[in-house]
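K.L.:
Let me begin by handing over the structure; questions about it come next.
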Amino acid sequence: CDICGKSFSQKGNLNTHKYIHTGQKPYHCDICGKSFSQKGNFNIHKYIHTGEKPYHCDVCGKSFSQKGSLTIHKRIHTGEKPYRCDICDKSFSETGGLTIHKRIHTGDKPYHCDICDKSFSGHGNLAIHKRIHTGERPYPCDICGKSFSQKESLIIHKHIHTGEKPFLCDICGKSFSQRNSLTEHKHIHTGEKPYDCNICGKSFSVGSHLIRHKSIHTGEKPFHCDVCGKSFSQNGILTTHKRIHTGEKPYRCEICGKYFSHKGNLTTHKRIHSGEKPHQCDTSEQPFPENDNLTIHVYIHTEEKPYHCDVNDKSFSRTDNLTMHKRLYTGDKPYHCDICGKSFSQKSHLTHHKSIHTGEKPYQCDICDKSFAVRSNLTAHKLTHTNERPYQCDICGKSFSLKGNLTTHKYTHTGEKPYSCDICGKSFSHRSSLTDHKYTHTGEKPYHCNICDKSFVGRSDLTSHEVTHTNERPYQCDICGKSFSKKSNLTRHKSIHTGEKPYQCDICDKSFVVRSNLTAHKLTHTNKRPYQCDICGKSFSLKGNLTTHKYTHTGEKPYSCDICGKSFSRKSILTYHKSIHTGDKPYHCNICDKSFVGRSDLTSHEVTHTNERPYQCDICGKSFSKKSNLTRHKSIHTGEKPYHCDICGKSFSRKSILTYHKSIHTGDKPYHCNICDKSFVGRSDLTSHEVTHTNEGPYQCGICGKSFSKKSNLTRHKSIHTGDKPYHCDICDKSFVRRGHLITHELTHINEKP
């Protein structure tokens, strides 16, 4: 050739070759108008229109339009690969395959796309590439009508309809619909990773994984969605993405009939039916249904986190976790509810949210038949039957059934709070706590009771509320048989029997049954009161205390007794009140066996055995066993009377005295004697009265042995032995045994008669 210097043995071949330089294609198809530079190619092309395949394989009966294709095909049966690479000794059944292979070593890519300038090592690869620009798909499926740009893709596609998997692994017997799938599968057995990244040196067993990996370095995403404009690094990912817009799910499970948009999802789904888990961890020998699951699992052993956030340098073992993490900063919420329009950053959150509208709970426990909206909740629930807790904290040794619970638990050691509110900047250790917190800004209550239409911020709040309609108490104490509507209440109750107080203050070593009590206690050391009443300005260390305090302004009493109908501003007061009807006293003194309605009553009582008085007045030095008694005592020095009667305006230093006083106006006497039916304003009055029936004096003088029905009478009596006169007149310094005597005396200075 006088243009490129290439030589040929026949003049006809030279003439045909020159058509490459001139672009001349003298052979025209009169059916489709396509032109060819070689007559042989033209003749072969005609078979596309006629469907003629005159060359038949005498082994499998398959037919071909070209004799050369039949010759190459027969090598599948014989295994013959006569063309060997003189660089790496790899063998090929076709000379074209060897030619293209050699270009891997030379880097030669002689075929250039005249649209985007991309280069290819094979002419066929260029032809297929050009169809990206033209959109041409000349190979239609005669079963479903779908078209493909490559003949090989059509052949592979037809296997979906026929179920044919002609390529068999001779090691494990697994079958594949594509030869390259078989080749890459064999790498699992050999451990071979022939595809090396020339940037970071990482190796891969599958060529597509290398291509996907390289996009991490280049950031290249050449495939664009013409619906939403999103870009992708691989054409296959774009094809799968488009199914979000079209709703197409071409892959069907022949066992249960379920459809999938990804072939990989169908493969994974089938393992639910077969129970197959072909990928095994060589460290823990744990099997997995997917190789991706195995890869992520291995990071537990290696502690590798290859995906890094470029905002805060946090690392992740999974790319999807990194993507979700970045949405904390971008605010991106690509998943929208088509019912209410709410948006979510994760698809799983959208799925979970939709169950609120539909009420659907498709995941059922095969042990107790309980149903769940989310698969992960079912998985967590099943562990309650097995008591399995595979995740252990390496700091304190505590075990958990879920990895997420372990991660959250570790924050108690590190103090980390990774979830920040973008409105007020407050941080939280739980994502769910942040979600609930944000509702305080928006006022949103998305969980609605379908019985009374009451709304709640969290699902757990709704669940707890629903129990009030059914009176269901599924959690039972295995020691005393008492039942509870919430598991947390049962856990708290059990501490009465065990005496366990697992939450300890690191400042004063005081221990608590409930974490929230520890949190509240710690604020006593800091004197921090972040919650302020917007009506009177009073501050509180706990939000719950502020909420309860506001009821004093609004008069609201949301907790009603279902026996007598009386209402209360605090749930704890209602619980205490109900004990009047039930007589229940669950808190027992282990010294004298006396029982009490509330834990605080027991705590106050226990001090009578130890005579401990840890609360001291900083004005007069007097000590008290209860903090409330000290607070009450200080009002003697300050004269403060913060509790006002809304009927007559009279003020009192103690709330209990105000309550007692109000009964004068209302005539209410809620405490009844079950012997003579006499009623009393206060519980202490009832207790004193009951002694008149038994003649029992429970309060005994340790000096003379005299007994009294009331503790105050005993205290007054002891002053006879001690000579103590604790009430002093600040005008003449005279002292008195009783406060009443002091008041009467003070009137003598102002000539007032009581």
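K.L.:
Counting other Cβ atoms within 10 Å of each Cβ, which GluC sites (Glu not before Pro) in the range 124-196 have at most 14 and sit in a DSSP loop?
P.N.:
Hits after loop and neighbour filter: Glu136, Glu164, Glu192.
K.L.:
May I ask you to list the aspartates and glutamates whose Cα is less than 12 Å away from that of Lys725, ignoring any residue fewer than eight positions away on the same chain?
P.N.:
Cα-Cα hits under 12 Å: Asp733.
K.L.:
Could you do me a favour and compute the accessible area per residue for the range 64-174, 1.4 Å probe, result in Å²?
P.N.:
Value for the range 64-174: 67 Å² per residue.
K.L.:
Can you give the net charge of the other residues whose Cβ lies under 15 Å from the Cβ of His161, counting K and R as +1 and D and E as -1?
P.N.:
Result for the local shell: +2.
K.L.:
Now for a separate question. Provide the gained length on full extension for the span Gln392 to His553, in nm with one decimal, where the gain is 0.36 nm per separating residue minus the Cα-Cα distance.
P.N.:
Value of the extension gain: 53.1 nm.
K.L.:
Moving on to the next point. Grab the beta carbon distance between Cys4 and Glu285, set R0 = 56 Å, and tell me the FRET efficiency rounded to 0.05.
P.N.:
0.40
K.L.:
Right, something else. Relative to the present Cα-Cα distance, how much length would full extension add between His336 and Tyr111 at 0.36 nm per residue of separation?
P.N.:
76.5 nm
K.L.:
With the contact rule set at Cα under 8 Å and sequence spacing of 6 or more, what percent relative contact order holds for the range 580-749?
P.N.:
7 percent
K.L.:
While we're here: How would Leu168, Leu70 rank on accessible area, largest to smallest, probe 1.4 Å?
P.N.:
Leu168, Leu70
K.L.:
With a sphere of radius 12 Å drawn around the Cβ of Arg131, what net charge do the other residues whose Cβ falls strictly inside it have (Lys, Arg +1; Asp, Glu -1)?
P.N.:
Residues close to Arg131 contribute a combined charge of +2.
K.L.:
Follow-up question, since we're still on this one. Starting from 0.36 nm per residue, how many nanometres of slack lie between Cys533 and Thr470 once their C-alpha separation is accounted for?
P.N.:
Length gained, Cys533 through Thr470: 19.1 nm.
K.L.:
Carbon and sulfur atoms: what percent of the 1.4 Å accessible area of the range 117-201 do they account for?
P.N.:
Answer for the range 117-201: carbon and sulfur cover 50 percent of the accessible area.
K.L.:
Are there any trypsin sites (Lys or Arg not before Pro) in the range 96-148 that are in a DSSP loop and have at most 16 other Cβ atoms within 10 Å? List them by number.
P.N.:
In loop regions of the range 96-148 (DSSP not H, G, I, E or B), the sparsely surrounded trypsin sites (Lys or Arg not before Pro) are Lys118, Lys146.
K.L.:
For the range 580-749, which whole percent of the accessible surface, found with a 1.4 angstrom probe, sits on carbon and sulfur atoms?
P.N.:
Answer for the range 580-749: carbon and sulfur cover 49 percent of the accessible area.
K.L.:
Then there's this: Residues of the range 586-605 with the amide nitrogen closer than 18 Å to a label point 7 Å from the Cα of Ser623, along Cα-to-Cβ, please.
P.N.:
604-605
K.L.:
Work out the FRET efficiency for Cys729 and Cys673 from their Cβ-Cβ distance, taking R0 = 41 Å, and round it to the nearest 0.05.
P.N.:
0.55
K.L.:
Also, quick follow-up: Using a 1.4 angstrom probe, figure out how much accessible area the range 188-262 has per residue, in square angstrom, rounded to the nearest whole.
P.N.:
Result: 67 Å² of accessible area for each residue.
K.L.:
Give the aspartates and glutamates reachable from Lys711 as a straight Cα distance under 20 Å; neighbours fewer than 8 places away on the same chain don't count.
P.N.:
Here the aspartates and glutamates satisfying the reach criterion relative to Lys711 are Asp593, Asp601, Glu606, Glu612, Asp685, Glu690, Glu696, Asp724.
K.L.:
A follow-up question, please. On the full set of protein chains, 1.4 Å probe, figure out the accessible area of Ile156 and give it in Å² to the nearest 10.
P.N.:
50 Å²
K.L.:
Using a Cα-Cα cut-off of under 16 Å, which lysines could be cross-linked to Lys11, ignoring same-chain neighbours fewer than 8 residues away?
P.N.:
Lys39
K.L.:
Additional query: Give Lys626/Lys655; Lys634/Lys734; Lys270/Lys370; Lys501/Lys571; Lys326/Lys543 a once-over and call out the pairs whose C-alpha atoms are over 27 Å from each other.
P.N.:
Lys326/Lys543
K.L.:
Per residue, how many Å² of accessible area does the range 525-668 show with a 1.4 Å probe?
P.N.:
Counting only protein heavy atoms, the per-residue value for the range 525-668 is 69 Å².
K.L.:
Modelled label-to-label distance, Asp170 and Lys186, 7 Å Cα→beta-carbon offset: nm?
P.N.:
With each label point 7 Å from Cα toward Cβ, the separation is 0.8 nm.
K.L.:
Let me ask you something else. For a test of understanding, tell me how many lysine pairs in the range 71-190 have Cα atoms under 18 Å apart, given they are 8 or more places apart or on different chains.
P.N.:
13
K.L.:
Ranked by accessible surface with a 1.4 Å probe, highest first, in what order do Cys200, Cys393 come?
P.N.:
These residues rank, largest area first, as Cys200, Cys393.
K.L.:
Roughly what would the spin-label model give for Cys197 and Cys592, points 7 Å off Cα along C-beta, in nm?
P.N.:
Reported label-point gap for Cys197 and Cys592 is 7.5 nm.
K.L.:
Continuing with this model, one more query. What ranking do 85-96, 734-745 get when scored by the average of other Cβ atoms within 10 Å per residue, highest first?
P.N.:
734-745, 85-96
The values are calculated or read from the model by the stated rules, or taken from the named source; none is laboratory data. Predicted, not measured: the structure shown is a model, and the values here were computed from it. No Cβ is skipped: glycine too gets one built from the backbone with ideal geometry, and neighbour counts run over all protein chains shown. Remember, those area values only see protein heavy atoms, side chains included, never the ligands or the DNA or RNA. Shrake-Rupley method; radii C 1.70, N 1.55, O 1.52, S 1.80 Å.
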